[in-house]
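Dumping the structure here so I can ask a few things about it.
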Amino acid sequence: MATFRIQGSKVLAVTMTGDAVKAKNGSMVAYDGQMAFKKMSGGGEGLRGMVTRRLTGEQMEVMEVKGQGTCWFADRASEINLVQLHGDKLWVEASNLLCADAGLRTGTTFTGMRGGATGNGLFTTTVEGTGQAAIMSDGPAVVLRVTPQYPLSVDPGAYVAHQGNLQQHFQSGVTFRTLLGEGGGEAFQIRFEGDGLVYVQPSERNTIGGDV
């Protein structure tokens, strides 16, 4: 299995010994050794994944990288977090997924009626299996714990990813943008209940849905 390590918080180094990884298309910044690069259609699993993404607007351009040596990945100086999966599932916005072990299954899942980030739509990318994935955030990500006693509400523009046994709901609410007079219409938040982790970023992406 490929070895993942973060260098300087914004560059991911992946060492491979004949292994393969799936990475965001165009995110390779350097490599040594012998590497082969192949663009993957749609970013999901097979034709169904590709069609689903086209219908929902979930953009996930992916390439497969395979070889012997080390490959370095980065994307617009975003901060990088490593997530270790042990047969479980990670839900992540497509634009926030940088790289994953090739053995991890990627797909899409319906997350409910929400505005979502620009270009994403009503579906979120899923990564499932055993291995590592690297996710990106605009600024250092904060990992927040959710327990049955302490549910969590998140602004959709700050949401990056989540994992664990969590239920996701969309609720009306007041955001800071609404209080500052920057929103229009009815603001909403993502509410998580159950037991798991939620990754949020300290910078809000532009959304078509802090307001619904």
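Out of the residues in the range 1-17 meeting the condition of being more than 17 Å from the chain's Cα centre (by Cα) and open to solvent by less than 40 Å² (accessible area, probe 1.4 Å), tell me which one is nearest to E79 (Cα to Cα).
A13
Just one of (1) at pLDDT 95 or above; (2) crowded, with 18+ Cβ neighbours inside 10 Å trips up G194, so point out which.
Among (1) at pLDDT 95 or above; (2) crowded, with 18+ Cβ neighbours inside 10 Å, the lone unmet condition for G194 is (2).
Related question: Residue check, T108 against (1) at pLDDT 90 or above; (2) crowded, with 21+ Cβ neighbours inside 10 Å; (3) under 17 Å from the mean Cα position of the chain (by Cα), all met but one. Which one?
(1)
State whether one or more residues within the range 38-56 are closer than 18 Å to A13 by Cα and at pLDDT below 95.
Checked against the condition, which is being closer than 18 Å to A13 by Cα and at pLDDT below 95, the range 38-56 yields no hits at all.
Of (1) open to solvent by 20 Å² or more (accessible area, probe 1.4 Å); (2) modelled with pLDDT under 95; (3) farther than 18 Å from A13 by Cα, L144 satisfies all except one. Which?
Exception for L144: condition (2).
What strands (runs of 3 or more DSSP E), lying completely within the range 132-176, carry at least 1 residues that are among the hydroxyl-bearing types (S, T, Y)?
Strands (runs of 3 or more DSSP E) meeting the threshold: 152-154, 159-172.
Run down S95, S78 and say which single residue is modelled with pLDDT of 95 or more and not basic (K, R).
Exactly one residue qualifies, and that residue is S78.
The values are calculated or read from the model by the stated rules, or taken from the named source; none is laboratory data. None of these values were measured; they are calculated from a predicted model. We place every Cβ from the backbone using ideal geometry, glycine too, and count neighbours over all the protein chains shown. To get the accessible areas, we keep the full protein, side chains included, count just its heavy atoms, and leave off ligands, DNA and RNA. Shrake-Rupley method; radii C 1.70, N 1.55, O 1.52, S 1.80 Å.
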